Amino acid sequence: MSEAAGIRVALSGAGGQIGAVLRPRLLDAGIVLRSGGGPTALTPLSEAETVTTGDLRDPEAVDRLLEGAEVLVHMAGTSVERPMPEVIENNLVALQAVYEGARRHAVRRVIFASSNHAFGMHSVNDRLDIDAPFRPDGAYGLSKAWGELMGQMYWDRHGIEGVAIRIGSALPRPTEFRHLSTWLGHDDLTQLVLRSIAAPIPGYVAVWGASNNPRSYWDNSAAAAAIGYRPTQSAEDWAEEILGQENPLDPVARTLQGGSFTTIDYTPQDQRPGRAKG
Ligand code: 15L
């Protein structure tokens, strides 16, 4: 059991990759869980879990998910680079529907799955603190920047508390060179979400979603301390193995924090307006 025990939490995106990791772990922590699986019909994992389905652009689906919830953990949406119209529907239109639902149901706090890709065009040589400027690496990253600002706005205008978790690479283990900087282990992910649910916060806060990686691109000291997040996992435990492998990224993607996302539909330097064509 944890300090989050007994809190009524709605989890959107419960049928997704991160949702699947979180469901049993939030239940183990004593949370009373309502899991929204989008189009996927989920089977409750225990008596402490109820399940819903539906497209979150539909206010009735949002109502089913948020009925009785104190906190929403919003993991639903497009989670990879996709064409802008699709990202707008799933990550902007649906997010606003969810926040409006949070107002209707007097949800106290929304935990938003932001992403490192809202900052992906920063150089790998930069170490970003929590106030670093957004530099999205595509439509997906841009939607996460918008989502963070939406969280800030719903706190400022409507008093809904917010935590934006800028998720790095949430994987069972790091498998490639970039992950030595971006990995978020599942134990740390769970701790981060539980702290985001239960910690007292001053309204709206952002935090980097990363483990305790010595090669991290992000300085999480202040933000993590603010919610009492103390990561216990480190990508460095796999460094020897990973450094012996080839880096799968192309030469440009290796230089930018967002990795492979940064060179999707990318204009090379020598083809940009005003640049000499080589
Ligand atoms: C993300 O935000 C994505 O959802 C995930 O698929 C990974 O690409 C991850 O970031 C990452 O940067 O490794």
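Answer yes or no as to whether D156 is acidic (D, E), at negative phi, away from the ligand (no atom under 12 Å from the Cβ) and in a loop (DSSP other than H, G, I, E, B).
Spelling it out, it is not the case that D156 is acidic (D, E), at negative phi, away from the ligand (no atom under 12 Å from the Cβ) and in a loop (DSSP other than H, G, I, E, B).
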>> For the range 178-212: of the residues being surrounded by 19 or more Cβ atoms within 10 Å (Cβ to Cβ) and over 25 Å from R23 (Cα atoms), which is nearest to the ligand (Cβ to nearest atom)?
In response: R178
> Is there any pair linking a residue in the range 63-78 that is on the phi > 0 side of the Ramachandran plot to one that is assigned to a loop (DSSP other than H, G, I, E, B), with Cβ under 7 Å and at least six apart or on different chains, and which?
Replying inline: G77/G13
>> Looking at the range 19-33 only, could you name the residues that are within 16 Å of the ligand (Cβ to nearest atom) and either within 12 Å of A48 (Cβ to Cβ) or in contact with a Leu (Cβ under 7 Å, 6 or more places away or on another chain) (or both)?
In response: G19, V21, L22
>> For the range 72-85, give me each residue that is surrounded by fewer than 23 Cβ atoms within 10 Å (Cβ to Cβ) and within 18 Å of the chain's Cα centre (by Cα).
In response: T78, S79, V80, E81, R82
> Which residues, taken from the range 75-129, are assigned to a helix (DSSP H, G or I), within 13 Å of the ligand (Cβ to nearest atom) and not β-branched (V, I, T)?
Replying inline: N90, N91, N116, H117, A118, F119
> How do the pairs read when you match residues in the range 11-23 that are modelled with pLDDT of 95 or more with residues anywhere that are surrounded by 23 or more Cβ atoms within 10 Å (Cβ to Cβ) and of a type in the set (S, T, N, Q), using Cβ under 7 Å and keeping only pairs 6 or more apart or on different chains?
Replying inline: L11/S35; A14/S35; R23/S35
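Give the range 130-153 a look and list any residue that's farther than 27 Å from E70 by Cα, assigned to a loop (DSSP other than H, G, I, E, B) and open to solvent by less than 40 Å² (accessible area, probe 1.4 Å), or say none. If you could, list the steps in order and put the result at the bottom.
Taking the range 130-153 as the starting set, the residues that turn out to be farther than 27 Å from E70 by Cα are 131-142.
From what is left, the residues that are assigned to a loop (DSSP other than H, G, I, E, B) are 131-138.
Within the range 130-153, A132, D137, G138 qualify.
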> Residues in the range 260-275: is at least one within 16 Å of the ligand (Cβ to nearest atom), open to solvent by less than 70 Å² (accessible area, probe 1.4 Å) and under 26 Å from A20 (Cα atoms)?
Replying inline: yes
> Taking the stated definitions as given, is P231 crowded, with 19+ Cβ neighbours inside 10 Å and of a type outside the set (G, A, S)?
Replying inline: yes
> Considering the range 22-68 alone, what residues qualify as being surrounded by fewer than 23 Cβ atoms within 10 Å (Cβ to Cβ), basic (K, R) and part of a helix (DSSP H, G or I)?
Replying inline: R25, R64
> Which members of the range 234-275 meet the condition of being of a type in the set (A, V, I, L, M, F, W, C), in contact with a helix residue (DSSP H, G or I) (Cβ under 7 Å, 6 or more places away or on another chain) and in a loop (DSSP other than H, G, I, E, B)?
Replying inline: L249, V252
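The values are calculated or read from the model by the stated rules, or taken from the named source; none is laboratory data. This is a predicted model, so every value here is computed, not measured. Every residue, glycine among them, receives a Cβ derived from its backbone with ideal geometry; neighbour counts consider all protein chains shown. For the accessible areas, the whole protein counts, side chains as well, though only heavy atoms, and no ligand, DNA or RNA atoms are used. Shrake-Rupley method; radii C 1.70, N 1.55, O 1.52, S 1.80 Å.
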